[in-house]
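Read the structure below first, then the notes.
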Amino acid sequence: MSTDTSIFKKEDHAAIYVKCRPDWPLEIIQKNLAFLREKKPDPFKLAVDVGCGSGQNTRPLAPYFEKVIGVDVSEAQIRAAQSVENPPNVEYRKGQGESIPVPDSSVDLITCAEAVHWFDLEAFFREVDRILKPCGCVAIYMYHNIRPCVEGDEEKNRLVTDMIFQFDRVTLGPYTSHCARHLHNNLADIHIPYEETLRDESFDMRLDTTMSSYMDYIRSWSGYQAYSEKNPSGPDILKELQERLMEILGFDCPAEDAKISAKSPIVLLLGRKPQEAPM
């Protein structure tokens with residue numbers, strides 16, 4: 001891996017992931033499939049979801065492939081993924097982005113959702129090229145810091161955005177991996193090494209939840225996990241954040257009753273392995 005990912009091996013962190021990380025919108029899966037179908041006809045045999053975490057992007061692939069394999073470095077995350085109901089054609093394996101446990105030229109589609117920033121990119125793309133079939137595709141996508149929003153209230157949305165930015169970059173900044181720069185700059189410096197590529201920023205990640213559950217989502221951030229690990233007896237920094245957000249959004253009720261809508265833009269990168277020259 002490109003940096004220390006031991007933080008993802010904790011059981012309680014994996015439990016927060018499976019509970020609070022949102023599923024990816026079906027439109028993303030359909031966009032991936034449309035790109036794949038431009039050069040490869042159905043049926044598709046194998047998709048591999050690299051850095052699968054607790055499976056939020058793995059399970060939605062199941063209807064479109066004979067088999068789907070989720071790969072993650074963390075056994076705790078894999079156990080979390082297996083703890084919920086999975087389609088019968090979904091399997092999870094331990095592995096890394098730089099060493100994906102599937103044979104050469106066996107994969108129709110590789111997905112990597114909210115994980116590529118942790119990888120050694122050069123080694124990852126070598127593995128992508130090794131395991132993809134000719135005309136197979138790789139899809140990389142991310143969102144960053146889903147934020148509560150109020151339809152039509154730009155002032156509240158600005159205050160919330162500023163508050164989350166301050167919490168992420170300043171409060172958690174010293175505890176956040178340098179790899180987060182890829183999220184901060186919306187994957188601007190990640191380039192799929194194929195001629196046929198596409199960048200799409202037309203999708204949003206949306207989350208309808210409560211303020212209490214939103215705080216659990218923030219607890220899943222790697223920066224917050226690192227902060228908590230280094231400050232086990234430190235102040236509850238989420239309490240102040242929650243109180244301020246509740247004040248901005250005008251809630252006067254318990255956090256578990258405060259219903260919010262939250263969203264973040266999604267960046268999608270697609271690339272296609274070329275057709276091999278005929279013998």
Heavy atoms of Ser202: accessible area, 1.4 Å probe, square angstrom to 10: 90
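Which pairs, out of Lys40/Lys133; Lys94/Lys230; Lys19/Lys94; Lys156/Lys259; Lys94/Lys133; Lys45/Lys94, put more than 18 Å between their alpha-carbon atoms?
With Cα atoms farther than 18 Å apart: Lys94/Lys230; Lys19/Lys94; Lys94/Lys133; Lys45/Lys94.
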Gaussian network model of the chain, springs between alpha carbon atoms under 10 Å - residue of Ile237, Ile100, Ile110 with greatest fluctuation: Ile237
Segment 229-246 versus segment 67-82: alpha-carbon centroid distance in Å: 30
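Could you sort His144, His191, His184, His178 by accessible area so the largest value comes first, with the probe set to 1.4 Å?
Values: His144 35, His191 130, His184 65, His178 110 Å².
These residues rank, largest area first, as His191, His178, His184, His144.
Between Arg126 and Ala62, what FRET efficiency follows from the Cβ-Cβ distance if R0 is 25 Å, with the result rounded to 0.05?
Details: r = 27 Å, r/R0 = 1.09.
The value I calculate is 0.35.
Using a Förster radius of 51 Å, what is the FRET efficiency between Glu256 and Ala34 based on their Cβ-Cβ separation? Nearest 0.05, please. Kindly include the intermediate steps, with their values, before the conclusion.
Values: r = 40 Å, r/R0 = 0.78.
The value I calculate is 0.80.
Using only the Cα atoms of segment 131-226, construct the convex hull and provide its projected area averaged over every direction, in square nanometres to one decimal.
Taking a quarter of the hull surface, the average projection is 8.6 nm².
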Projected-area average for segment 76-132 over all orientations - Cα convex hull basis, square nanometres: 4.4
Helical contribution to [θ] at 222 nm, DSSP H n ≥ 4, -39,500 (n - 2.57), averaged over the chain, rounded to 500: -9500 deg cm²/dmol
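Based on the Cβ-Cβ distance of Leu198 and Lys239, what FRET efficiency does E = 1/(1 + (r/R0)^6) give at R0 = 30 Å, to the nearest 0.05? Could the numbers behind the result be given before it?
Details: r = 43 Å, r/R0 = 1.43.
That pair, Leu198 with Lys239, gives E of 0.10.
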For the chain, built as a Gaussian network whose Cα springs stay under 10 Å, the top-fluctuating residue of Cys253, Cys137, Cys149: Cys253
Sites excluded, GluC sites (Glu not before Pro) in DSSP loops with at most 14 other C-beta within 10 Å, longest stretch of the chain: 196-275
The chain - accessible surface per residue (Å², probe 1.4 Å): 47
Most fluctuating residue given options Ala113, Ala80, Ala34, as computed from a GNM of the chain linking Cα atoms under 10 Å: Ala34
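The values are calculated or read from the model by the stated rules, or taken from the named source; none is laboratory data. Note that the structure is predicted; figures quoted are calculated from it, not measured. Every residue, glycine as well, gets a Cβ built from its backbone with ideal geometry; the counts of neighbours run over all protein chains shown. Protein only, heavy atoms only, side chains kept; ligands, DNA and RNA dropped before computing areas. Shrake-Rupley method; radii C 1.70, N 1.55, O 1.52, S 1.80 Å.
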